[in-house]
Amino acid sequence: MADITPELLLRAYALGMFPMAENADSDVIRWVEPKRRGILPLDGFHVPRSLRKTLRRGSFVITADREFAAVMRGCAEPAPGREDTWINAQILELYTALHAQGHAHSIEAWRDDRLVGGLYGVSIGAAFFGESMFSRATDASKVALVHLVARLRLGGYRLLDAQFITRHLVRFGAIEIARSRYMRLLADAIARRTVFYRELDPVLVEPALAGEAVDLQSTSHTS
């Protein structure tokens, strides 16, 4: 599928599909359209108690959109239970182009100026399509996910697509729904306008998750 463009990629997401390469060295990319879809309900997102303690300790410095390509490369690294990757050179190029256009975002977790975890995904309207995450330090990707959800809630997002359910995501409240319901949620979400907050004071994360009013006047964002 050498003719895939960023524009085609966005249209595919709006139709409920996403691409995956066979492996890192393969030129074959297939479109995936699950019959049942994993989502993380933004109004039912759960942060485990132990992770809340990690958040309050400030174990990581969290940024957004600072090192998008590096996050993708981190997600492509072998990990226990994921020895191979679906992120090949073309996937990396396509999503980096989406990021340059403002349609894809990353959350980075740093420790001692080292990138130790993060995640990335695609944004269309009020829908965020989570693609992948990685961790080189305990809880790094989990903290990145919490910071992502805080930004999505504050920005008015309606749908956080997790693609597939994992035991890891179930701990945060992920559920699996039929494609028909997913498509209704998707249609509603992509028709809306939202804001993605690149910068967010860490002290606002827990209030954002709790639905409390927060002052965002000095916060940088993209729309």
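The values are calculated or read from the model by the stated rules, or taken from the named source; none is laboratory data. If you're wondering where the values come from, they're calculated on a predicted model, not measured in any experiment. Note that each Cβ is placed from the backbone with ideal geometry, even for glycine, and that neighbours are counted across all protein chains shown. We work out accessible area using only protein heavy atoms, side chains counted, and drop any ligands, DNA or RNA first. Shrake-Rupley method; radii C 1.70, N 1.55, O 1.52, S 1.80 Å.
Listed values, structure above:
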{"item": "Student exercise, segment 112-151 dipole from Lys, Arg, Asp, Glu Cβ charges, in Debye to nearest 20", "result": "60"}
{"item": "Residue-normalised accessible area of segment 21-161, given per residue in Å² at a 1.4 Å probe", "result": "44"}
{"item": "Contact order normalised by residue count of the chain, Cα under 8 Å, 6+ apart, percent", "result": "25"}
{"item": "Global form of segment 133-185, assessed from the alpha-carbon gyration tensor, a/c cut-off 1.5", "result": "oblate"}
{"item": "Shape category assigned to segment 143-217 from the gyration tensor of Cα positions, a/c cut at 1.5", "result": "oblate"}
{"item": "Percentage relative contact order, segment 1-96, counting C-alpha pairs under 8 Å, at least six apart", "result": "36"}
{"item": "Positive dipole terminus of the chain, leading residue within Ile4, Ala137, Ala97 (C-beta point charges)", "result": "Ala137"}
{"item": "Centroid-to-centroid separation of segment 1-74 and segment 154-196 [C-alpha atoms, Å]", "result": "12"}
{"item": "Label-point separation in nm, Arg198 to Thr138, each point 7 Å along Cα→Cβ", "result": "3.4"}
{"item": "Rg and Dmax of segment 48-181, Cα atoms only, in Å", "result": "14.5, 45"}
{"item": "Where the Cα pairs of segment 1-116 fall when distances are cut into 10 Å bins, in %", "result": "11, 32, 38, 17, 2"}
{"item": "Estimated 222 nm signal from helices in the chain, with DSSP H stretches of n ≥ 4 weighted -39500 (n - 2.57), rounded to 500", "result": "-10000 deg cm²/dmol"}
{"item": "Carbon plus sulfur fraction of accessible area for the chain, probe 1.4 Å, in percent", "result": "49"}
{"item": "Relative contact order [Cα under 8 Å, 6+ residues apart], segment 74-118, whole percent", "result": "24"}
{"item": "Trypsin sites (Lys or Arg not before Pro), loop per DSSP, at most 10 other Cβ atoms within 10 Å - longest free stretch of the chain", "result": "36-192"}
{"item": "Dipole in debye (nearest 20) - the chain, about Cα centre, beta carbon charges: Lys, Arg +1; Asp, Glu -1", "result": "940"}
{"item": "Cα centre as origin, Lys/Arg/Asp/Glu Cβ charges: segment 30-79 dipole, Debye", "result": "300"}
